[in-house]
Amino acid sequence: MSNDYAAIVSTLDVAVLLVGAVQFTKVWARIGDEAAAQAQTRRERMGALIEQQRQGIEPSRSELLEVRPTGFVRWFWQNALLHVAGLIWFLTCANLIVIQLRVLRWAGTVDAGPDPDLARGAFTWVAIGVVLLFIEGYVGGFVGARRKAQQARRVYSRQYTEDERIGLNQKVREATRSEPTPSTAPADT
């Protein structure tokens, strides 16, 4: 490792570490926000069921199951991708900190000789951090689109009965099967 390489790697390390720390914080904040939103939705739904009971209408089994508390395992799996992303960023940031401290110690050592292991480790963890930034952008877009599609399906499922949805799907399949196929014969002119 040379002084120039140490300066370059330190700059990149700190930049990736800064972004990684922000991403790690955002992931955990999002997990907290989602847990709070789920709890709020549950409380509102439970309040509606209490009002329903006050009117003498007992809640159905499905309504009661909708407001059951989310167990830890179920909650973890609902947010598994976020937990994994948080853990990956935590490990990456921890290793970037260790590498940065080792590079600073090396730079502060009088007549420090080349340290190929330190140079290799610094390159590896900075590269991992940069790759993670690109992967997270891609996965974040995919997960966001998937979540919007799930929400749209939930709204559709709540708005129309199962019989209505099944009936329409059957009509779509029948229309698709009876659709005339385009002729492959040449046109008469």
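The values are calculated or read from the model by the stated rules, or taken from the named source; none is laboratory data. Values in this document were obtained by computation on a predicted structure and should not be read as measured data. Ideal geometry is used to build each Cβ from the backbone, glycine not excepted, and the neighbour counts take in all protein chains shown.
Please work out if N3 is touching a residue at least 24 places away in the same chain (Cβ under 8 Å) and within 28 Å of F123 (Cβ to Cβ). Full working, then the answer.
Values: touching a residue at least 24 places away in the same chain (Cβ under 8 Å): yes; within 28 Å of F123 (Cβ to Cβ): yes.
Considered against the rule, which asks whether it is touching a residue at least 24 places away in the same chain (Cβ under 8 Å) and within 28 Å of F123 (Cβ to Cβ), N3 comes out as yes.
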So which residues in region 11-60 are within 13 Å of G129 (Cα to Cα) and touching a residue at least 24 places away in the same chain (Cβ under 8 Å)?
L12, D13, V14, V16, L17, V19, G20, A21, Q23, F24
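Test E44 against the criterion of being of a type in the set (D, E), in a helix (DSSP H, G or I) and under 30 Å from A15 (Cα atoms), and give yes or no.
Working: of a type in the set (D, E): yes; in a helix (DSSP H, G or I): yes; under 30 Å from A15 (Cα atoms): no.
Spelling it out, it is not the case that E44 is of a type in the set (D, E), in a helix (DSSP H, G or I) and under 30 Å from A15 (Cα atoms).
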Determine which member of the set L82, L87, L101 is surrounded by fewer than 13 Cβ atoms within 10 Å (Cβ to Cβ) and either at pLDDT below 90 or closer than 20 Å to Q151 by Cβ (or both).
L87
Would you mention how many residues in region 16-59 are surrounded by 14 or more Cβ atoms within 10 Å (Cβ to Cβ) and within 16 Å of the chain's Cα centre (by Cα)?
10
Could we say that T92 is of a type in the set (V, I, T) and not in a helix (DSSP H, G or I) here?
no
Would you say D13 is of a type in the set (D, E) and either surrounded by 15 or more Cβ atoms within 10 Å (Cβ to Cβ) or not in a helix (DSSP H, G or I) (or both)?
yes
